[in-house]
Amino acid sequence: MGHPPVPPRSRPVPDPSVTVNGQVAPLSGVPAHTTALDWLRGRGLVGAKEGCAEGECGACSVLVARPGTTTPTRWTALNACLVPVLALDGQEVVTAEGLGTPADLHPVQREMAVRGGSQCGYCTPGFVCSMAAEFYRPGRGDAAPVDVVGTTEHPHEQGPNGFDLHALSGNLCRCTGYRPIRDAAYALDAPAHGDLLAARQAAPAPAPGRPAPTPSSAPPTWPPRCSCSASGPTRSSSPAPPTGASRSTCAGCAPRWWWPSTGWPSCAGSR
Ligand code: FES
Ligand code: FES
């Protein structure tokens, strides 16, 4: 008795890599025990913090593109302290740095700032990522308010904008308190037209084990901006688009334009 012979692989296995904030980063040679948190911080992305290193505090939260139920992709918050970075081979990650910049804050970052949702700031990037995952949740705000004794109320722990506070249940803050953080969550509008992370959810999520894109296909700038002259950008000014993509680009193809792992776009709207 013995095991049957293992057939040889028909094609080479690509080197591991992960897309972080739109940039493809190789993972070759990374020790197997390296967490995504340590790896990200070692690359200078120090927004994600280590609070507990055991999945309790949420300070290390980042966004990962995962298959959705109502949309092909859903941005999902993940505790980077719990995940070996090699487990993210072929995946797409967005950190707090990838959501916005000081000059062009993401709506979640802006609401946290103006409503006093951050003091020492240690928990803030993690809160921002968890809040962004709920911000982009497909169907948020679709549910009709509950009519209770002649008044229109919203379900417990759910804001008038449909924001479900359970999305923040894995994040702890020791100094701000949760009221201003809740205020920030409840102040969020729907993602603006042309928000590319929202539109990204219409394209398929990376499949586990799918060959990762090559570093040469990485977009040169981040956060993503829409350079569309037809529908217009909704977030600040546009940096120069990647080489070969300088035409006006409609909001429909833009997410794929910025996310080369989903393939080069076939754009019906470029002008
Ligand atoms: S450091 Fe990851 S959950 Fe606390
Ligand atoms: S702002 Fe200090 S821990 Fe939350």
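The values are calculated or read from the model by the stated rules, or taken from the named source; none is laboratory data. Predicted model, so just to flag it, every value in this text is computed and none were measured. We place every Cβ from the backbone using ideal geometry, glycine too, and count neighbours over all the protein chains shown.
Considering only residues that are assigned to a loop (DSSP other than H, G, I, E, B), within 16 Å of ligand 1 (Cβ to nearest atom) and of a type in the set (Gly, Ala, Ser), look in the stretch 156-198 and name the one that is farthest from residue 139 (Cα to Cα). It comes out as 170. Within the stretch 38-54, the set of residues being more than 16 Å from ligand 2 (Cβ to nearest atom) and either exposed (fewer than 15 other Cβ atoms within 10 Å of the Cβ) or basic (Lys, Arg) (or both) comprises 41, 42, 43, 44, 54.
Residues being more than 11 Å from ligand 1 (Cβ to nearest atom) and under 19 Å from the mean Cα position of the chain (by Cα) are entirely absent from the stretch 48-62.
The residue pairs whose first member lies in the stretch 55-73 and is within 19 Å of residue 91 (Cβ to Cβ) and at pLDDT 95 or above, whose second member is exposed (fewer than 15 other Cβ atoms within 10 Å of the Cβ) and among the charged types (D, E, K, R), and whose beta carbons are closer than 7 Å, counting only pairs six or more residues apart or on different chains, do not exist in this structure. Here the stretch 63-81 is the region considered, the condition is being outside any strand (DSSP E or B) and of a type in the set (A, V, I, L, M, F, W, C), and the residue that is farthest from ligand 1 (Cβ to nearest atom) is 80. Taking the listed residues 19, 35, 70, the one that is over 15 Å from the mean Cα position of the chain (by Cα), hydroxyl-bearing (Ser, Thr, Tyr) and surrounded by 19 or more Cβ atoms within 10 Å (Cβ to Cβ) is 35, with no other qualifying.
Selection of first residues in the stretch 176-193 that are within 12 Å of residue 118 (Cβ to Cβ) and of second residues that are acidic (Asp, Glu) and in a helix (DSSP H, G or I), restricted to Cβ pairs under 7 Å at least 6 apart or on distinct chains, gives the following pairs, ordered by first then second residue: 184/111.
The residues of the stretch 110-131 that are farther than 19 Å from residue 79 by Cβ, under 19 Å from the mean Cα position of the chain (by Cα) and near ligand 2 (Cβ under 10 Å from one of its atoms) amount to a single one, 112. Filtering the stretch 164-177 to residues that are under 10 Å from residue 127 (Cβ atoms) and modelled with pLDDT under 95 leaves only 176. Here residue 37 meets each of (1) in contact with an Asp or Glu (Cβ under 8 Å, 6 or more places away or on another chain); (2) in a loop (DSSP other than H, G, I, E, B); (3) within 13 Å of ligand 1 (Cβ to nearest atom) with one exception, condition (2).
In this structure, is residue 180 modelled with pLDDT under 95 and surrounded by fewer than 19 Cβ atoms within 10 Å (Cβ to Cβ)? For residue 180, the condition - modelled with pLDDT under 95 and surrounded by fewer than 19 Cβ atoms within 10 Å (Cβ to Cβ) - is not met.
In the condition set (1) modelled with pLDDT of 95 or more; (2) in contact with a strand residue (DSSP E or B) (Cβ under 9 Å, 6 or more places away or on another chain), residue 111 is compliant with all but (2).
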